[in-house]
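See structure below.
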Amino acid sequence: MTARALVLNGPNLNLLGTREPDVYGAQTLDDVAALCRKTGEELGLDVDFRQSNHEGVLIDWIQEAGTAQASGELIGAVFNPGAYTHTSVALQDAIKGVGLRVIELHISNVHTREAFRHRSFISPVAAGIVVGFGTQGYALALRGLRDLAER
């Protein structure tokens, strides 16, 4: 059985490729999904790739993932929460509540941007953080997730 990893994307990431390409690059979300699946194949992971603009949907997926991780069906999640990074105590509570292993991911280096982006509600419950490597950060995060799950 192939190990499974979840890749979650929050609000506005469906606009990749057209939204602020000087910040987020020219790759689309479909390009990122293909990168994640290719990386997953290299790592022996089945990648479940999802995006939602709705906080409650993300929370539902996190709770499902926590159950799947507890049963050994999932190694954890790579999570780009988008702007919810800076606003959502509910996402933090969901991750902490189900004990989900999460690698927090940001395409841009949020620490060189507006001050409000410097605070993350996800970081305190993340097993690791990948920031500022563009969309290639997804491949790095999947490698990190796999390595942490194998410890």
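Structure notes:
- Long-range neighbours under 8 Å by Cβ, at least six apart or interchain, first residue at positive phi within the stretch 76-97, second among the charged types (D, E, K, R) and outside any helix (DSSP H, G or I): Gly76/Arg101
- Residue that is modelled with the highest pLDDT [pool: residues in the stretch 109-144 that are basic (Lys, Arg) and in a loop (DSSP other than H, G, I, E, B)]: Arg119
- Qualifying residue in the stretch 126-135 (condition: of a type in the set (Phe, Trp, Tyr), surrounded by 19 or more Cβ atoms within 10 Å (Cβ to Cβ) and closer than 19 Å to Asn14 by Cα): no
- Lys38, sole failed condition from (1) over 22 Å from Gly132 (Cα atoms); (2) of a type outside the set (Asp, Glu); (3) surrounded by fewer than 17 Cβ atoms within 10 Å (Cβ to Cβ): (1)
- Flag for Leu105 being within 19 Å of Ala141 (Cα to Cα) and in contact with a Lys or Arg (Cβ under 8 Å, 6 or more places away or on another chain): no
- Contacts under 8 angstrom Cβ, first residue in the stretch 45-64 being more than 15 Å from Val7 (Cβ to Cβ), partner of a type in the set (Phe, Trp, Tyr) and assigned to a helix (DSSP H, G or I), 6 or more apart: Glu55/Tyr84
- Single condition Arg113 does not satisfy, out of (1) closer than 17 Å to Leu16 by Cβ; (2) surrounded by 18 or more Cβ atoms within 10 Å (Cβ to Cβ): (2)
- Residue in the stretch 72-88 that is of a type outside the set (Val, Ile, Thr), surrounded by fewer than 19 Cβ atoms within 10 Å (Cβ to Cβ) and at pLDDT 95 or above present: yes
The values are calculated or read from the model by the stated rules, or taken from the named source; none is laboratory data. The structure displayed is predicted, hence computed values, not measured ones. We place every Cβ from the backbone using ideal geometry, glycine too, and count neighbours over all the protein chains shown.
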